[in-house]
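Visitor: Okay, handing you the structure first.
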Amino acid sequence: MSLKKINTVLVAAFILFILWFGTEFILSPETTAPGFGLPNRPSGDGDGFLIIKGIRDVVLALVLGILLVTGHRRALGWVLLVEALAAYGDMTTVLGHHGSVATALGVHGLTATLMVVTGLLILRETRKVAAAPVTPAPQPA
C-alpha cells in the first residue's frame, strides 16, 4: 500500500472520530463529558460550554474533510499539524484541572501525537510532488 493511501485512511479515520466525538458533545453533553477527562462537568447550565466544544470538533473535522476531498494534500498536512494543537490544548486543560492523567495522555495526547505524525507523513508525501521539476510541454514544430 502506498504512503498516499495509508495517509488517506489515517485522515479519514481522524475525520470520522472527530465528527463522532463532536456530535456526541452536541447531542448528549451530559453523558459525553465524563469521557473528556475532567473531574467535574460544568455545574448549572454548563452544557452550553460542552456543546461549544462539540461544535469546535465538528468544524475541525469538516475542515480536514474538505481538504481531503478537494485533494489539497499539502494544506491538509499543515492543517493536521495546527489542529493537533487543539488536542494538545485539551490534554493540558485536563492535566491543569486535576483531571484523569490516563485520559489526558491516552486520549488527547495520543490523538494529538498521531495527528502530528500523520501531518508530517502527508507533508513528506507531498514534498516529493512539490519538488518535482516542471517540464514544459513539447511545442509543435
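Visitor: Just the Cα atoms of segment 12-141: what Rg and Dmax do they give in Å?
Guide: Cα radius of gyration and Dmax of segment 12-141 are 18.9, 78 Å respectively.
Visitor: Same structure, new question: Can you tell me which of 98-104, 54-60 comes out highest on packing, and rank the rest after it, using the mean Cβ neighbours within 10 Å?
Guide: Put in order of decreasing packing, that is 54-60, 98-104.
Visitor: If you roll a 1.4 Å probe over the heavy atoms of the protein chains, what accessible area per residue do you get for segment 22-78, in Å²?
Guide: Per residue, segment 22-78 has 56 Å² of solvent-accessible surface.
The values are calculated or read from the model by the stated rules, or taken from the named source; none is laboratory data. The structure presented is a predicted model; accordingly, all values stated were derived computationally and were not measured. We place every Cβ from the backbone using ideal geometry, glycine too, and count neighbours over all the protein chains shown. The accessibility values were calculated without ligands, DNA or RNA, using every heavy atom of the protein model including side chains. Shrake-Rupley method; radii C 1.70, N 1.55, O 1.52, S 1.80 Å.
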